[in-house]
Amino acid sequence: MSTDQIDVEYLREHRDRVERPLYTLFQKYGHGSRRWFVLGIFASIGARFASLVPPILLGVAIDAIFRDDQAFDLPLVPQEWLPTETMEQFWFLVAFMGVAMIGRAFLNFVRMSSLNLFSHRVKHEVRTATYQQMQRLDMEFFNEVQTGELMSILSNDTNRLEQFLDDMFGQAIQLTVLIVGITVVLFWFNPQLALVTLVVVPIAAAFTYWFMRFVEERYSDVRESVGDLNSRLENNINGIQVIKASNTEDYEDERVRDHSYRYFRLDWLALRLNFIYRPGLQALTSLAFIATFVVGGVWILDGPPGPLSGELTEGTLVIFLLLTQRLVDPLAQMSNIIDRYEDANASLKRILGVMNLPVNIEDNEDAMELDAVDGRVAFDDVTFGYDEESVLEDIDFEVQPGETVGLVGPTGAGKTTIVKLLLRLYDTTEGSVRVDDHDVRDITLSSLRKSMGYVGQNNFLFDGSVAENIKYGAFDASREEVVEAAKRAQAHEFITNMPEGYDTEVGERGVKLSGGQRQRVAIARTILQHPEILVFDEATSAVDTETEMLIQRSIDDLAADRTAFVIAHRLSTVRDADRIFVIEDGKIVERGTHDDLLAANGLYANLWRIQAGEIGDLPEEFVERASKRVAQQGLDPD
């Protein structure tokens with residue numbers, strides 16, 4: 001099964017549990033902006049009612065003023081407010097119509113401003129809440145889901161939600177008000193003809209229900225395909241150097257083309273339904289207009305047709321025709337409303353699916369703050385596994401404050417997993433990890449991780465200046481403190497030789513710096529945070545010999561009076577450690593100083609021989625075991 005399939009299944013499992021996503025959205029977000037939403041709703045209602053005034057006034061004018069065969073009467077307006085003279089009545093209608101049109105324009109301004117403000121604030125709340133949730137999810141989540149999928153949720157899906165709340169939600173309200181308002185007006189003037197005109201409304205509702213049933217699943221697939229496409233593009237852009245060096249541009253072109261075509265195909269399938277739905281609604285509303293014109297025209301010219309009875313005036317027919325025409329475009333717009341609704345619904349399910357993901361690594365209710373850390377660390381019979389795969393078994397040791405411990409062993413032995421448990425990126429399956437005699441599960445995550453500094457093999461630098469990256473996590477540090485930290489990290493010289501010194505931009509992920517320079521900036525960043533416990537995870541494995549010497553000096557300086565864990569494949573890095581733990585197949589198989597372990601002539605001694613170039617002196621048993629380990633390596637559980 002591909003990684004893309006794992007991503008989709010992992011997120012879909014929680015996404016499918018989301019019920020009534022829009023209801024959940026309004027329940028959880030936008031509480032501080034509800035007044036703008038309510039104002040926008042009332043403005044939408046008022047604007048639509050105002051749009052019904054001119055047709056009514058025109059019909060009244062035809063019958064009461066121009067034909068003079070009907071009383072001058074307006075619905076819901078007291079008779080004593082109405083003028084009695086013909087010209088006064090004419091100018092009254094003109095003024096009334098002008099007020100209605102200006103009022104409609106003003107109310108539309110209020111509607112758009114209010115609903116846009118509400119929707120943008122909701123988008124901001126949803127995006128930040130989703131990002132906060134993502135940051136607190138367990139590391140297993142980030143092992144499963146690709147970055148492009150997460151970016152699609154944070155960007156594309158929140159934007160589609162905002163677009164629906166911005167425009168389509170207001171239009172849906174206006175359409176509802178329009179249908180209700182027109183229904184009331186038509187029945188007020190002529191209930192019999194109103195039935196002829198409005199017979200299309202239940203047909204349009206049934207047609208809409210059919211459309212929604214088929215389009216919902218298709219838009220869910222479209223949103224997933226967007227995430228897959230973003231993941232592929234993000235992977236390829238990050239790996240552009242490997243692509244160029246491997247001469248695989250054509251191969252990657254084809255993969256992107258396949259993902260893009262899948263998105264195009266799914267999007268087109270959703271759009272094809274829209275192409276049926278929108279013209280269908282236009283045809284229905286056009287039939288309503290024609291039926292109204294035919295029945296009303298026959299009624300006026302030849303008397304009431306069929307079972308109809310009573311009188312129909314020209315002015316009333318004009319009101320019916322104008323209001324029926326008013327239904328054509330809004331009903332045709334219903335396809336856009338449903339289209340955007342299903343699109344937003346699918347996006348909201350993806351967002352809420354992330355919000356529903358469980359967080360296993362979090363503070364206990366009675367978690368304590370870790371203050372005045374001494375740096376004592378203990379692993380008490382720790383066993384741990386990823387899913388059902390065992391990685392560590394019966395790990396038991398204690399490290400005293402200020403002691404430097406080396407962790408060495410073959411790739412995949414479990415070295416990095418040990419420090420991940422110390423940082424509480426994962427929880428133990430059995431046993432406990434203790435800092436200053438406190439189980440890490442009883443300590444707040446913030447105080448635990450604040451007490452530790454981590455320097456890895458590939459340290460991430462943010463797009464910004466050298467100084468900003470050194471200050472990351474110690475944002476109030478002065479320039480003097482930044483410089484002092486850089487000097488202790490053996491980084492000051494190369495920084496001052498850069499074009500703008502500490503203000504030089506490092507580029508995305510620090511691409512303008514070499515690997516060794518990034519390492520030393522990361523060490524300076526750690527120095528500035530003043531942690532009591534240090535973790536160096538292969539900090540010198542990807543640099544040249546001279547840079548390794550400089551980094552090793554900064555590590556020695558930093559670890560001089562702190563508890564330190566040094567993970568290394570280059571055994572020279574841990575040669576001077578107070579103790580060295582040799583890990584193999586998830587177990588500590590040897591312990592001691594460098595000299596003790598060489599004298600024991602075990603795994604450590606053989607690893608040392610490899611790095612010393614003494615390949616011919618290795619025991620055949622060791623070579624066979626190493627060959628099996630390499631053959632069985634899949635994903636490195638370190």
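Since every read-out is calculated from the coordinates, none of them should be taken as a lab result. What you see is a predicted model, and the numbers here were worked out from it, not measured in a lab. When we count neighbours, we look across all protein chains shown, and the Cβ atoms used for this are built from the backbone with ideal geometry, even at glycine.
Amide H contacts of residue 590: 582, each under 5 Å away and 5 or more positions distant or on a separate chain (H built 1.01 Å from N in the peptide plane; Pro and chain starts excluded). Each label point was placed 7 Å from the Cα along the Cα-to-Cβ direction; for residue 587 and residue 264 their separation is 5.8 nm.
Between residue 610 and residue 248, the modelled label-to-label distance comes to 2.5 nm, taking each label 7 Å out from Cα in the direction of the beta carbon. Dividing the summed helix terms, -39500 (n - 2.57) for each DSSP H run of n ≥ 4, by the number of residues in the chain produces a 222 nm estimate of -20000 deg cm²/dmol to the nearest 500.
May I ask you to list the lysines whose Cα is less than 19 Å away from that of residue 487, ignoring any residue fewer than eight positions away on the same chain? By straight Cα distance, residue 487 reaches 471. Placing +1 on each Lys and Arg Cβ and -1 on each Asp and Glu Cβ, with no other charges, gives the chain a dipole about its Cα centre of roughly 2720 debye. Take every pair of alpha-carbon atoms less than 8 Å apart whose residues are at least six positions apart; their mean separation over the length of segment 458-530 yields a relative contact order of 51 percent. The calculated FRET efficiency for residue 361 paired with residue 180, based on their beta-carbon distance and R0 = 60 Å, is about 0.70.
Restricting segment 237-322 to GluC sites (Glu not before Pro) that sit in a DSSP loop and have at most 12 other Cβ atoms within 10 Å of their own Cβ leaves 311. Between residue 156 and residue 84, the FRET efficiency from the beta-carbon distance, with R0 = 41 Å, is close to 0.05. Excluding residue 579 itself, calculate the net charge of residues whose Cβ lies under 10 Å from the Cβ of residue 579, where each Lys or Arg counts +1 and each Asp or Glu counts -1. Residues near residue 579 contribute -2 overall. Note that segment 597-610 has calculated 3J(HN,Hα) couplings of 6, 5, 5, 6, 6, x, 4, 4, 4, 5, 5, 5, 4, 4 Hz, one per residue in order, obtained from phi through the Karplus relation 6.51 cos²θ - 1.76 cosθ + 1.60 (θ = phi - 60°); glycine and proline are x. Spatially, segment 26-50 and segment 151-219 are offset by 17 Å when compared through their Cα centroids. Of all DSSP bridge pairs formed entirely within the chain, close to 55 percent run antiparallel.
Residue 506 sits among other residues whose Cβ lies under 9 Å from its own Cβ, and their net charge, with Lys and Arg +1 and Asp and Glu -1, is -1.
Take the chain and mark each of the chymotrypsin sites (Phe, Trp or Tyr not before Pro) that is in a DSSP loop with at most 13 other Cβ atoms within 10 Å; the longest unmarked stretch, sites excluded, is 1-459.
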